[in-house]
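Since the structure comes first, as structure tokens, the remarks are kept for the end.
The values are calculated or read from the model by the stated rules, or taken from the named source; none is laboratory data. Predicted, not measured: the structure shown is a model, and the values here were computed from it. Reconstructed Cβ throughout: ideal geometry from the backbone, glycine too, with neighbour counts over all protein chains shown. Surface accessibility is based on the protein's heavy atoms, side chains included, excluding ligands, DNA and RNA. Shrake-Rupley method; radii C 1.70, N 1.55, O 1.52, S 1.80 Å.
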Amino acid sequence: MASAPIVVHPPLGTGGRRVTVRGQILGLAHSDGDVIEFLRRAGLPDAEGLLDDPAWVKWRGGRAHRYEAA
């Protein structure tokens with residue numbers, strides 16, 4: 001199986017998580033709403049339904065949907 005095209009990286013020490021799509025940085029998310037907005041801007045209007053789909057999103061380090069400092 002190919003890896004998920006969307007990666008939510010581990011929380012940073014200052015809080016927030018970097019979000020990438022196929023290696024392109026979309027931004028620093030501090031909430032699921034931020035991730036959804038980044039994905040919407042990248043052309044995925046139904047992004048909310050993708051956040052818990054491992055075929056689409058890989059949550060690295062830390063727990064999914066948690067954005068506070070590591």
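In the range 10-34, the residues that are in contact (Cβ under 8 Å) with a residue 12 or more places away in the chain and open to solvent by 60 Å² or more (accessible area, probe 1.4 Å) reach residues that are assigned to a loop (DSSP other than H, G, I, E, B) and among the hydroxyl-bearing types (Ser, Thr, Tyr) with C-beta atoms within less than 8 angstrom, at least six apart or across chains, in these pairs: HIS30/TYR67.
Just one of the listed residues (LEU39, LEU26) is part of a strand (DSSP E or B) and under 11 Å from the mean Cα position of the chain (by Cα), and it is LEU26. Of all residues in the range 42-70, those that are under 19 Å from GLN24 (Cα atoms), surrounded by fewer than 15 Cβ atoms within 10 Å (Cβ to Cβ) and out of contact with any Leu (no Cβ under 9 Å at 6 or more places or on another chain) total 5. Contact map, the range 45-61: first residue within 12 Å of VAL19 (Cβ to Cβ), second residue open to solvent by 100 Å² or more (accessible area, probe 1.4 Å) and not in a loop (DSSP other than H, G, I, E, B), Cβ cut-off under 8 Å, separation 6 or more or different chains; pairs are ALA47/ARG40.
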